[in-house]
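Here the structure is laid out as structure tokens; the discussion comes afterwards.
The values are calculated or read from the model by the stated rules, or taken from the named source; none is laboratory data. Only a predicted model underlies this, so the values are computations on that prediction, with no experimental measurement involved. Please note: Cβ atoms are built from the backbone with ideal geometry, for glycine as well, and neighbour counts cover all protein chains shown. We work out accessible area using only protein heavy atoms, side chains counted, and drop any ligands, DNA or RNA first. Shrake-Rupley method; radii C 1.70, N 1.55, O 1.52, S 1.80 Å.
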Amino acid sequence: VENIDCPLLFIVSEDDLSCASEENADLIEEALTAAGKSHLFTRLSYPGAGHLIEPPYTPNSRASLWSTKPKKLITRWGGHPGPHAAAQEDSWAKILDFMELNLRSKKKKKKF
């Protein structure tokens, strides 16, 4: 990750039961800081939100069944309805702003 030269937006779900998103964000931020690229890293952190932060108004699923032969597995995603919904709304707006800022060329912006 220390070799990237593009902005990185990392969304942390603080009630993520599927992976260690806070710890992963910390590791990435540390690596970028050590490489002198901390300015490329943006972290959004949401207490009470589960793993699957999707576009707004998508229902939260705290767990789901995955079928892998020969086993069926239950995957826990975490999240509580209110905080998770708020995280989806807030993060979606910030994702769109991040993409607008970092993906559109300056020339295209001037045409509008």
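Is it fair to say Leu52 is under 11 Å from the mean Cα position of the chain (by Cα) and among the hydrophobic types (A, V, I, L, M, F, W, C)?
It is true that Leu52 is under 11 Å from the mean Cα position of the chain (by Cα) and among the hydrophobic types (A, V, I, L, M, F, W, C).
Please go through the range 21-33 and give me each residue that is open to solvent by 40 Å² or more (accessible area, probe 1.4 Å) and touching an Asp or Glu at 6+ places or on another chain (Cβ under 7 Å), ordered by number.
Matches in the range 21-33: Glu22 only.
Looking only at residues in the range 40-81 that are open to solvent by 70 Å² or more (accessible area, probe 1.4 Å) and modelled with pLDDT of 95 or more, which one is farthest from Ile95 (Cα to Cα)?
Checked the range 40-81; the qualifying residue farthest from Ile95 (Cα to Cα) is Pro47.
Conditions (1) under 15 Å from the mean Cα position of the chain (by Cα); (2) part of a loop (DSSP other than H, G, I, E, B); (3) not β-branched (Val, Ile, Thr), marked per residue:
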| residue | (1), (2), (3) |
| --- | --- |
| Glu22 | yes, no, yes |
| Glu29 | yes, no, yes |
| His39 | no, no, yes |
| Thr42 | yes, no, no |
